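Trainee: Encoded as structure tokens, here's the structure I'll be asking about.
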Amino acid sequence: MDIKSVFCVFFSPTGSTQTIVQNIAQGMQTEITDVMDCTNRSKRREGLEAIQSNLLIIGVPVYYGRVPQEAAPFLKSLSGRGVPVVLVVTYGNREYKDSLLELHDIAAEQGFIPVAGGAFVAEHSYSLPSRPIAHGRPDANDIAMAQDFGMQIRKEPELFL
Ligand SMILES: Cc1cc2nc3c(=O)[nH]c(=O)nc-3n(C[C@H](O)[C@H](O)[C@H](O)COP(=O)(O)O)c2cc1C
């Protein structure tokens, strides 16, 4: 698969998922045709135009080991039309349980072709200075890993297809 351009879609109330998704895309060293931040309800209501890119990245945080209930209906409204998709979850270093599998199943059900997936540690939304949980993540190493993941997908897509 020759990646010509990539489209990023993410739900990211505290920004970590956005950071990871954008760094995966950056690692692919290709054109980023569009970015859709579906965190705001009003944005989700607008829906998604037909996807022009030949690769989509979808990222969500893990809530209670699942795809966030707030994001799932939007994801289930997308029309995949055979577009390859990279699936990403971020989690606060507790556990991601079946969230990546759930995201895979939603994407496949909507007609996307899942080609790769990854779970990345990020600062827990409930982290406090007095009770830090994955404080400062994603750090430089996490960013490098996200970029490397993107680069691997670009270099050797046959490993992922
Ligand atoms: C309601 C809620 C539930 C969460 N549940 C989990 C969980 O089950 N496991 C985990 O490791 N982190 C959990 N987290 C932490 C988030 O997955 C983590 O902070 C994520 O990276 C936030 O992404 P964002 O910065 O893009 O919003 C939860 C956070 C919230 C707000």
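Trainee: Grab the Cα-Cα distance for A50 and Y64, subtract it from 0.36 nm times how many residues apart they are, and report the gain in nm with one decimal. Don't jump to the answer; show the numbers that get you there.
Mentor: On the way: separation 14, 0.36 × 14 = 5.04 nm, distance 3.13 nm.
Taking 0.36 nm per residue and subtracting the Cα distance, the gain is 1.9 nm.
Trainee: Now for a different question. When Rg is the radius of gyration of the Cα atoms in region 21-77 and Rh is its Kirkwood radius, what does Rg/Rh come to? Spell out each step's value before the answer.
Mentor: Values: Rg = 12.5 Å, Rh = 12.8 Å.
Expressed as Rg/Rh, it is 0.97.
Trainee: Here is a follow-up. Under a 5 Å amide H to amide H cut-off, with H placed in plane at 1.01 Å, what residues pair with V83 once short-range neighbours are removed?
Mentor: The list, which skips near neighbours in sequence, is I113.
Trainee: V121: net charge of surrounding residues, Cβ under 12 Å, Lys/Arg +1, Asp/Glu -1, itself excluded? Each step should come with its number before you reach the end.
Mentor: Working: positive: R94, R137; negative: E95, E123, D139, D142.
Around V121, the charge tally is -2.
Trainee: Out of all DSSP beta bridges with both ends in the chain, state the antiparallel percent to the nearest 5. Let's see the in-between values first.
Mentor: Details: 2 of 27 bridges.
If I count the DSSP bridges inside the chain, around 5 percent turn out antiparallel.
Trainee: While we're looking at this one, here's another question. Quick one: what are the phi-derived ³J(HN,Hα) couplings along region 63-74, Karplus 6.51/-1.76/1.60 with θ = phi - 60°, whole Hz, x for glycine and proline?
Mentor: So the J values, rounded to whole Hz, are 10, 6, x, 10, 5, x, 4, 6, 8, 4, x, 5.
Trainee: So, in nm, how far is label A72 from label S130 when the simple model puts each one 7 Å beyond its Cα toward the Cβ?
Mentor: Modelled inter-label distance: 3.4 nm.
Trainee: Which percent, to the nearest 5, of DSSP beta bridges fully inside region 27-113 are antiparallel? Don't skip to the answer; put the middle values down first.
Mentor: Working: 1 of 8 bridges.
Around 10 percent of the beta bridges assigned by DSSP in region 27-113 are antiparallel ones.
Trainee: I would also like to ask the following. How big is the Kirkwood radius of region 61-161, worked out from every pair of different alpha carbons and given in Å to one decimal? Could you put the intermediate results ahead of the total?
Mentor: Details: mean 1/r = 0.0682 Å⁻¹.
Hydrodynamic radius (Kirkwood, Cα pairs) of region 61-161 is 14.7 Å.
Trainee: For I113, put the label point 7 Å out on the Cα→Cβ axis and report which residues of region 125-156 keep their amide N under 17 Å from it.
Mentor: Taking a point 7 Å out along Cα→Cβ of I113, the residues of region 125-156 whose backbone N falls under 17 Å are 153-156.
Trainee: Which far-off residues, 5 or more places away or on another chain, put their amide H under 5 Å from the one on R137, with H placed in the peptide plane?
Mentor: For R137, whose amide H was placed from the backbone, the distant partners under 5 Å are E123.
Trainee: Quick one: grab the alpha carbon gyration tensor of region 1-116, order the square roots of its eigenvalues as a ≥ b ≥ c, and give me rounded if a/c is under 1.5, else prolate or oblate depending on whether a/b is larger than b/c.
Mentor: rounded
Values quoted throughout were computed directly from the atomic coordinates according to the rules given, and no laboratory measurement underlies them. Predicted, not measured: the structure shown is a model, and the values here were computed from it. Glycine also receives a Cβ, built like all others from the backbone with ideal geometry; neighbour counts cover every protein chain displayed.
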